[in-house]
Structures are given as C-alpha cells and as structure tokens.
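Peer 1: Got a structure for you, questions after.
Since every read-out is calculated from the coordinates, none of them should be taken as a lab result. This is a predicted model, so every value here is computed, not measured. So basically every Cβ, Gly included, is an ideal-geometry build from the backbone, and we count neighbours across all protein chains shown.
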Amino acid sequence: MAALTPDEALALLGHRLSPKRRSAARRLGRLADPVAGPALLEALEREVRNPRTWETQYEIVMALGTCGHRPGLDVLRELARRPFDADAVYAALGYSIVRLSTTEDVADSLKSCLGSGSPLLATVRCAPLPSSALPWTRPRPITCSTSSHLLVPTTDSGTGPWSPQRNGQASESRSSSGSA
C-alpha cells in the first residue's frame with residue numbers, strides 16, 4: 001500500500017473511523033509539514049471529546065509538535081491540566097509542549113511539565129529541539145527549581161537527548177573503552 005499523500009492524510013483527519021484518523025495523524029507527523037498544523041489542531045479539539053480514542057489523540061498531539069504548530073501550544077497546555085485515562089496522552093503532551101516552546105520559554109515549559117503532578121508529563125525528558133532553536137552552540141544543563149533533577153544532555157541512549165540526574169550529580173560514565 002502506498003503512503004498517504006499530504007492531501008489524503010488531511011482529508012482522513014475527518015474520517016468517521018478512529019484508526020483512519022490515527023493513520024492520517026501519524027503520516028502528517030512523519031511529514032512534519034507546518035501546513036498541517038491548523039487541521040491537526042482542529043482534529044484534536046474534536047478528538048478529545050471521546051476518551052476511547054486516546055491512541056488517535058496521542059498521534060495528533062505528537063504530529064502537532066513535530067509539525068511545529070506553535071499556535072496549538074495554549075491548547076496543549078490546557079489539555080495537560082485535564083484528566084486522561086491514558087498516560088500516553090500525557091507523554092505526547094509533554095513532548096509537544098516542550099518541542100513547541102520558544103527558546104525563551106522552554107525552561108518554563110519544563111518546569112510546568114515537571115510540576116504538573118501527572119506521572120508522564122512530569123517525566124518528560126525534553127523533546128529533541130532542533131539545534132537552530134538553541135541560543136548556544138553546545139547544550140548546557142537546565143536546572144528546574146521545582147525538582148531535584150538536573151537535566152543533562154546525553155547522546156548515547158535511546159531515551160532521548162536529555163536524562164535526569166538526581167541532586168545535580170553526574171552519573172558514572174557509561175562504559176569505558178577496553179572494559180567488558
């Protein structure tokens with residue numbers, strides 16, 4: 001089966017079946033086309049009315065973050081304060097909120113996620129930010145006053161570009177060369 005074109009994916013966001021809408025959102029997320037942002041935001045506002053479609057909600061939220069649709073940031077922050085049965089929605093919200101935050105407010109977004117009380121929103125490990133969005137050439141640690149964690153950039157793990165470390169202490173180095 002051929003991949004959906006952007007126009008086909010946009011049209012499917014309004015389909016009556018949730019799996020079709022989910023597939024469309026996943027495709028739009030992979031395309032990361034900012035043009036899809038308004039349609040994704042509209043679809044999300046419809047989708048959150050039905051708690052049974054949490055998988056589709058997750059894909060739409062992820063696609064909003066990947067597409068870089070900053071006008072959706074306030075809606076995502078509002079949704080992060082709502083109760084959801086599916087924790088995966090909180091994980092997607094944390095990812096997209098941080099990803100859509102400007103360089104100036106990324107620290108506030110992180111503090112908001114860490115202090116939210118939501119288990120998965122609080123464990124957000126920073127969405128991967130494009131290096132062009134960073135005001136420095138090499139990542140620096142970000143300290144959040146609401147947490148005893150220091151977020152330090154990592155590159156050798158599959159869990160994302162940031163990892164929390166307790167009390168600001170650097171973790172032991174991974175494996176050193178020559179050791180088994």
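Peer 1: How do Arg16, Arg99, Arg22 line up, fewest other C-beta atoms within 10 Å first?
Peer 2: In order of increasing Cβ crowding within 10 Å: Arg16, Arg22, Arg99.
Peer 1: For Arg49 and Glu78, calculate 0.36 nm times their separation in residues minus their Cα-Cα distance, and state this gained length in nm to one decimal.
Peer 2: My answer for the length gained is 9.0 nm.
Peer 1: Applying 1/(1 + (r/R0)^6) with R0 = 35 Å to the Cβ-Cβ distance of Asp108 and Leu17, what FRET efficiency is obtained, to the nearest 0.05?
Peer 2: In this case the efficiency is close to 0.35.
Peer 1: Can you sort Val48, Val35, Val75, Val61 from fewest to most other Cβ atoms within 10 Å of each residue's own Cβ?
Peer 2: Val35, Val75, Val48, Val61
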